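The values are calculated or read from the model by the stated rules, or taken from the named source; none is laboratory data. Computed from a predicted model, the values in this text were never measured in an experiment. Note: ideal-geometry Cβ built from the backbone for every residue, glycine included; neighbour counts use all protein chains shown.
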Amino acid sequence: MPRTIEADVVIIGGGISSAMVAERVAEDTDASIAVIEAGNRIFDFENRFNTRRRFLDYGENPYQGDHIPGHSCKNAQSRAMSVGGLAMHWGGTTPRYSPEDFRLRSLFGVGADWPISYDDLDPFYQEAEERIGVAGEQGPPEYDPRSGGYPMDPLPTSYNLGLAKEWAEKSGIPYWRNPVSKNSRPWRGRRECIRCDTCSICPTGAKYSPDFTFRSLLDAGRITLHDRTMVRRLVPKSDSDAIGQADAFHRDDPDDAITIRARHFVLAAGYAWSSHLLLMSAGGRFPDGIANRSGTVGRFITGHRWVNAFVSVPMRLYPGIYGSDSLLSKRFQHQDDEAQPDGKYIRHDLRIWESDMGKRARLRDDHGNLLLGDAALNDWRRRIETGSLRMRGYYDVIPARESALTLEPNRKNPWGDPLPRIDFVDDPVSAELRGYTEAKIEERFRRILTAGGGTMLNITFASDYDHPGGGCRMGDDPDDSVVDAWGRAHDHANLWIAGAPTIVGSGCNNGTLTFAALSLRTASRLAGEL
Amino acid sequence: MEGENRSTRRKFLKTSGAAVAAVAAPTGAAAKAGQESQSQSLSLDLPLLHAFAEAVLPEEIGADGVRDALRDFVTWMNGFEPVAELPHPYLSSVEVQYGPPHPAPRWASQLQALDLLAQKEHGAGLAELPVGKRRDLIAADLERHDAGESFPRPAHAGHVATGLLARFYSRPRAADLAYGARINARACRDLASGAVMPPPLATNGAQG
């Protein structure tokens, strides 16, 4: 039976960006808010010790049913699709981007500048850190500028990571604690972390995930939440370019149309599904899709690549206490002659974790002999006299315009809609510098190894982008961007796009906190119009 | 030595029933899966499994350690859910993956085959052989199964020896034994305690 959903604000998508917009608009206004999510509502917090146990013992998905069978974006980062989005699986890492990330064209002559600066975003970074609860350690101010302190002190440095920091800093490269959305003290109704070390399935709620925000808003009666509801088209009004409605269906009754009406629509469906919906909405006065007069919807999909190494170090470590804990250095994200020694564009972070690579029990020794009885235990003991660490650098990649999400007409979901694919394409500058960049990061790994002692166990280089974003990038020029500096679509006054799709570049750090901050900035402007 | 082994097996026979019964009662779908898998793990010949475990697990854990390891292994098998939904691989858009079928039938037949082989080659069942001879038989069988260097996840183990050892060495207490320290991996703990070196085990081989 056809039905209608009406609200002042309709948010399409149910991940962390949606949660930030919903919470901020609910606090600032009396507007009615509806959240529409295609995936399931998995509000199972009370069962998470059990799901964690089964994850550990059997490797089962701790969020059963957090996907839509047959509904995928080729080359996307994950199949996760549920209320809470990928931030349910998230490890909780919350670094900010660096000031340089917002001014690549001005500072380095590559890529594009954002229409906003780091300083413009700083108060929203701070607000995001307060809302989700971030524990962190102030790094050197020249590499880690902040206008305010972290909401919470860092979690105590684990024994292993304390040794790793001493070891790594013999190289002269400063390291500090990677900030995390894990409570070092009770925060906003969630308890203090007890280092269960399975942060992708936090059984205590000490790590933030968006389901907490949605449950809180639901309990307060401030939102309605429509899960299993798939929006397949945005429809502009006949007498203006404003969006008049969204056409949707419930996955349990796909033949019954749902009409969604709102004063404002917020698209918060991530870097893949936001562009997908805009392109799917092509027709009439908008033959290339909604918000796409510039032809850049789905374009400039961005991300960074990694170089990852496991190293053996001359110290006894005890892996297994808090492997999620990590060190961060933004030393080489900075603009200076040591970071870019050859005048070429190279910027990357550095991270270090404890590891058990090469230090696990095994069935055969180096000569292929089976290890039964005491032999396996003796072999294990011999190998753990030294420890292992994991080192990784994310390096910035400038996306080409051709780095794009497109619709595949011949690949359809179970409801007959074309599915998207992403093809990551480097800008020529990044393509040319790829080998140089990876060699330089490896050289810096070896510098640390030489200073601290140890050997490289293995090193690998990413093929595709991690932490993708873009597809609806922000800009001041409507001919070259999809949304303005506040996330409002250039072409539709009541359509807002929040978070990951709007970024211009991915910098060198996990983008989740940046997506949250951008969403809050969008919400602050939207709330002013309600 | 033989006498000690027989005594150990008799002791295990008395306790193995309790070990199976001690499995926590799950609910819903897990309960159904658990009931099905329990009958499958019970199809393993437990005395034979015990004789087998004595030959592949470290001797230094002693009879109590073997009993504890087998109790855990049986509990693990009883809780196994065949073809369970697996986590989405990161940086991949492939369709959702599912786990393997229950390994118990495969492992049970391997145990029986080893027992038959022992009778044909040595005129006595596996449990009646000295530990060294048992280990030689098992090692030869493992070589035929192309066992690799690393342990797989237990349910993916092609051979019952690999499954038992993979489970044993994945447990936090195995790491504690190797490191001689009370690391207690995977245990939730207060923030401060993770910042200091783990204390040594009270006694060598302590399994508490």
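For A:Tyr395, the conditions (1) buried (at least 21 other Cβ atoms within 10 Å of the Cβ); (2) outside any strand (DSSP E or B) are fulfilled apart from (2).
Screening A:Cys193, A:Cys202 for residues that are modelled with pLDDT of 95 or more, under 19 Å from A:Thr512 (Cα atoms), within 14 Å of chain B (Cβ to nearest Cβ) and buried (at least 20 other Cβ atoms within 10 Å of the Cβ) leaves exactly one candidate, A:Cys202.
Every residue in the stretch A:45-63 that is in a loop (DSSP other than H, G, I, E, B) and touching a residue at least 12 places away in the same chain (Cβ under 8 Å), please.
Within the stretch A:45-63, A:Pro62, A:Tyr63 meet the criteria.
Looking only at the stretch A:369-386, which residues are assigned to a loop (DSSP other than H, G, I, E, B) and either facing another protein chain (nearest Cβ under 8 Å) or within 15 Å of B:Phe168 (Cβ to Cβ) (or both)?
Taking the stretch A:369-386 and keeping what is assigned to a loop (DSSP other than H, G, I, E, B), we get A:369, A:371-373, A:384-386.
Answer for the stretch A:369-386, where residues must be assigned to a loop (DSSP other than H, G, I, E, B) and either facing another protein chain (nearest Cβ under 8 Å) or within 15 Å of B:Phe168 (Cβ to Cβ) (or both): A:Leu371, A:Leu372, A:Gly373, A:Ile384.
Kindly state which strands (runs of 3 or more DSSP E) lie completely within the stretch A:250-367 and contain at least 1 residues that are surrounded by 17 or more Cβ atoms within 10 Å (Cβ to Cβ), more than 14 Å from every other protein chain (Cβ to nearest Cβ) and small (Gly, Ala, Ser). Please lay out each step first, then the result.
Values: elements: A:253-267, A:299-313, A:326-329, A:350-355.
So the answer is A:253-267, A:299-313, A:326-329.
Exactly one residue out of B:Ala113, B:Ala104, B:Ala124, B:Ala84 is among the hydrophobic types (A, V, I, L, M, F, W, C) and in contact (Cβ under 8 Å) with a residue 60 or more places away in the chain: that is B:Ala104. The set of residues in the stretch A:257-288 being of a type in the set (Val, Ile, Thr) and under 16 Å from A:Ala493 (Cβ atoms) consists of A:Val266 alone. The residues on offer are B:Pro82, B:Pro87, and the sole one that is surrounded by 19 or more Cβ atoms within 10 Å (Cβ to Cβ) and either within 14 Å of chain A (Cβ to nearest Cβ) or in a loop (DSSP other than H, G, I, E, B) (or both) is B:Pro87. Against the list (1) within 24 Å of A:Phe49 (Cβ to Cβ); (2) surrounded by 20 or more Cβ atoms within 10 Å (Cβ to Cβ), the condition B:Gly163 fails is (1). Every listed requirement among (1) in contact (Cβ under 8 Å) with a residue 40 or more places away in the chain; (2) in contact with a Cys (Cβ under 7 Å, 6 or more places away or on another chain) is met by A:Phe424 save one, (2). For the stretch B:152-188, the candidate set comprises residues that are assigned to a loop (DSSP other than H, G, I, E, B), more than 7 Å from chain A (Cβ to nearest Cβ) and within 15 Å of the chain's Cα centre (by Cα); within that set, the residue that is nearest to B:Ala140 (Cα to Cα) is B:His159.
The set of residues in the stretch A:494-507 that are part of a loop (DSSP other than H, G, I, E, B) and more than 16 Å from A:Ala246 (Cβ to Cβ) comprises A:Gly499, A:Ile503, A:Val504, A:Gly505, A:Ser506, A:Gly507.
To keep it simple, each residue is scored yes or no on (1) touching a residue at least 40 places away in the same chain (Cβ under 8 Å); (2) of a type outside the set (Ser, Thr, Tyr); (3) more than 10 Å from chain B (Cβ to nearest Cβ).
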{"position": "A:Pro69", "(1), (2), (3)": "yes, yes, no"}
{"position": "A:Cys73", "(1), (2), (3)": "yes, yes, no"}
{"position": "A:Ser82", "(1), (2), (3)": "yes, no, yes"}
{"position": "A:His89", "(1), (2), (3)": "yes, yes, no"}
{"position": "A:Pro95", "(1), (2), (3)": "yes, yes, yes"}
{"position": "A:Glu100", "(1), (2), (3)": "yes, yes, yes"}
{"position": "A:Ser106", "(1), (2), (3)": "no, no, yes"}
{"position": "A:Val110", "(1), (2), (3)": "yes, yes, yes"}
{"position": "A:Trp114", "(1), (2), (3)": "yes, yes, yes"}
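Looking at the stretch B:57-69, is at least one residue within 13 Å of B:Gly163 (Cα to Cα) and either buried (at least 21 other Cβ atoms within 10 Å of the Cβ) or away from every other protein chain (no Cβ under 14 Å) (or both)?
Our first condition is that a residue be within 13 Å of B:Gly163 (Cα to Cα); within the stretch B:57-69, this holds for B:57, B:69.
Still in the running and either buried (at least 21 other Cβ atoms within 10 Å of the Cβ) or away from every other protein chain (no Cβ under 14 Å) (or both): B:57, B:69.
Looking through the stretch B:57-69, at least one residue is within 13 Å of B:Gly163 (Cα to Cα) and either buried (at least 21 other Cβ atoms within 10 Å of the Cβ) or away from every other protein chain (no Cβ under 14 Å) (or both).
Test of understanding: among A:Pro140, A:Pro179, which residue is modelled with pLDDT of 95 or more, more than 9 Å from every other protein chain (Cβ to nearest Cβ) and buried (at least 21 other Cβ atoms within 10 Å of the Cβ)? Going through A:Pro140, A:Pro179 in turn, just one is modelled with pLDDT of 95 or more, more than 9 Å from every other protein chain (Cβ to nearest Cβ) and buried (at least 21 other Cβ atoms within 10 Å of the Cβ): A:Pro179. Got at least one residue in the stretch A:161-181 being out of contact with any helix residue (DSSP H, G or I) (no Cβ under 9 Å at 6 or more places or on another chain), outside any helix (DSSP H, G or I) and under 22 Å from A:Ser388 (Cβ atoms)? Yes, there is a match, as at least one residue in the stretch A:161-181 is out of contact with any helix residue (DSSP H, G or I) (no Cβ under 9 Å at 6 or more places or on another chain), outside any helix (DSSP H, G or I) and under 22 Å from A:Ser388 (Cβ atoms). Would you check if B:Glu128 is within 24 Å of B:Val66 (Cα to Cα) and either surrounded by fewer than 21 Cβ atoms within 10 Å (Cβ to Cβ) or facing chain A (nearest Cβ under 8 Å) (or both)? Taking the combined requirement at face value, the residue satisfies it. Only residues that are out of contact with any strand residue (DSSP E or B) (no Cβ under 8 Å at 6 or more places or on another chain), touching a residue at least 12 places away in the same chain (Cβ under 8 Å) and either surrounded by fewer than 16 Cβ atoms within 10 Å (Cβ to Cβ) or β-branched (Val, Ile, Thr) (or both) were counted in the stretch A:216-239, giving 1.
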